[in-house]
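The values are calculated or read from the model by the stated rules, or taken from the named source; none is laboratory data. Everything quoted here is computed from the prediction, not taken from an experiment. Virtual Cβ from ideal backbone geometry, glycine too; neighbours counted across all protein chains shown. Ligands, DNA and RNA are stripped out before the accessible areas are found, and what is left, the full protein with its side chains, is counted by its heavy atoms. Shrake-Rupley method; radii C 1.70, N 1.55, O 1.52, S 1.80 Å.
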Amino acid sequence: MSTTHVAHGSLISLAASLALLTAGCSGTADGAEAGGCRENGGWSARDEARWLRPSVSFPAATADGSAADEAAAVVIRPSDTDDGRPLCEPVTVQVEFWELTATTSGTDMTSALRYQLATDGTEDRGIGFPPGLSAGERGACTGVLMAAYAGARLSETELPEEIGRSPSTGSEDVRFRTDRIGMYRLLPPSDPEACNADGEPTTAPPMPWGSNHP
């Protein structure tokens, strides 16, 4: 066997090894990486929101719409994927709170807090209410909208145009104009009908006589 033949054979073996290594790192058809992570480099914002959705919960909001001050307002738990693997590239997630103020002309919405994090689906994160918006601090004319969504901060064109009462259910309704929302929770003002133009509870004028007066 000549020296040239030996070198050629070595190159073939090296090429075969590289081919096997490349195949092992390229991932499988379902997106599960052989290296221990799930490939998500080509995901759209909608894909990221769909992945985020099952991981978001609002433990502070109970079924009756009240909230527990001691609980986190928004929790992002490890993602429960089919293969149990983290994402290869962390997803940027925004957790944002908006203060809702009921007035005689509608409900005003103002951003109160935005928290940005990066997650690959393996971490447990909890975010509390901004100051003044927990259940014990909100008045009858104040509510809160909270959402977890993928990507950059929402633009004005992605925010809800208005928050109003749904004609079908009679409850407060909100619609974001984007598909980047993972999950959201609305805790509306408790007594919007009793709020004045400044978003303050109206006060009944004092009676000039006693309550027993006919």
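In the range 105-147, the residue that is surrounded by the fewest Cβ atoms within 10 Å (Cβ to Cβ) out of those that are among the acidic types (D, E) and within 17 Å of the chain's Cα centre (by Cα) is D124.
So that you can scan it fast, the table gives a plain yes or no per residue for (1) farther than 17 Å from E137 by Cα; (2) at pLDDT 90 or above; (3) part of a helix (DSSP H, G or I); (4) in contact with a strand residue (DSSP E or B) (Cβ under 8 Å, 6 or more places away or on another chain):
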{"site": "R53", "(1), (2), (3), (4)": "yes, yes, yes, yes"}
{"site": "G84", "(1), (2), (3), (4)": "yes, no, no, no"}
{"site": "V93", "(1), (2), (3), (4)": "yes, yes, no, yes"}
{"site": "E96", "(1), (2), (3), (4)": "yes, yes, no, yes"}
{"site": "Q116", "(1), (2), (3), (4)": "yes, yes, no, yes"}
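Against the condition under 29 Å from S44 (Cβ atoms), loosely packed, with under 13 Cβ neighbours inside 10 Å and in contact with a Ser or Thr (Cβ under 8 Å, 6 or more places away or on another chain), how does A150 come out, does it pass? Considered against the rule, which asks whether it is under 29 Å from S44 (Cβ atoms), loosely packed, with under 13 Cβ neighbours inside 10 Å and in contact with a Ser or Thr (Cβ under 8 Å, 6 or more places away or on another chain), A150 comes out as no. Do the conditions hold for E39, that is, is it open to solvent by 50 Å² or more (accessible area, probe 1.4 Å) and modelled with pLDDT of 95 or more? No, not satisfied. Can you tell me which of (1) at pLDDT below 95; (2) among the aliphatic types (A, V, I, L, M); (3) crowded, with 19+ Cβ neighbours inside 10 Å is the one A197 doesn't meet? Result: A197 fails condition (3) only.
Going through the range 177-194 one residue at a time, which ones are modelled with pLDDT under 95, open to solvent by less than 40 Å² (accessible area, probe 1.4 Å) and in a loop (DSSP other than H, G, I, E, B)? Selection gives P189 alone. With respect to E96, determine if the residue is within 21 Å of R53 (Cβ to Cβ), surrounded by fewer than 18 Cβ atoms within 10 Å (Cβ to Cβ), acidic (D, E) and in contact (Cβ under 8 Å) with a residue 24 or more places away in the chain. No, not satisfied. For first residues located in the range 144-163 and in contact (Cβ under 8 Å) with a residue 24 or more places away in the chain, partners that are open to solvent by 20 Å² or more (accessible area, probe 1.4 Å) and part of a loop (DSSP other than H, G, I, E, B) and lie 6+ apart or on another chain with Cβ distances below 6 Å form the pairs Y149/R180; A150/R180; G151/R180; P160/R175; P160/F176. Just one of (1) over 30 Å from G41 (Cα atoms); (2) modelled with pLDDT of 95 or more; (3) not in a strand (DSSP E or B) fails for G139. It is (2). Cβ-Cβ under 6 Å, sequence separation 6+ or interchain: first residue in the range 101-127 and farther than 21 Å from L154 by Cα and of a type in the set (G, A, S), partner open to solvent by less than 50 Å² (accessible area, probe 1.4 Å) and in a strand (DSSP E or B). Which pairs? Short answer, once both residue conditions are applied: A102/C195; G121/L87.
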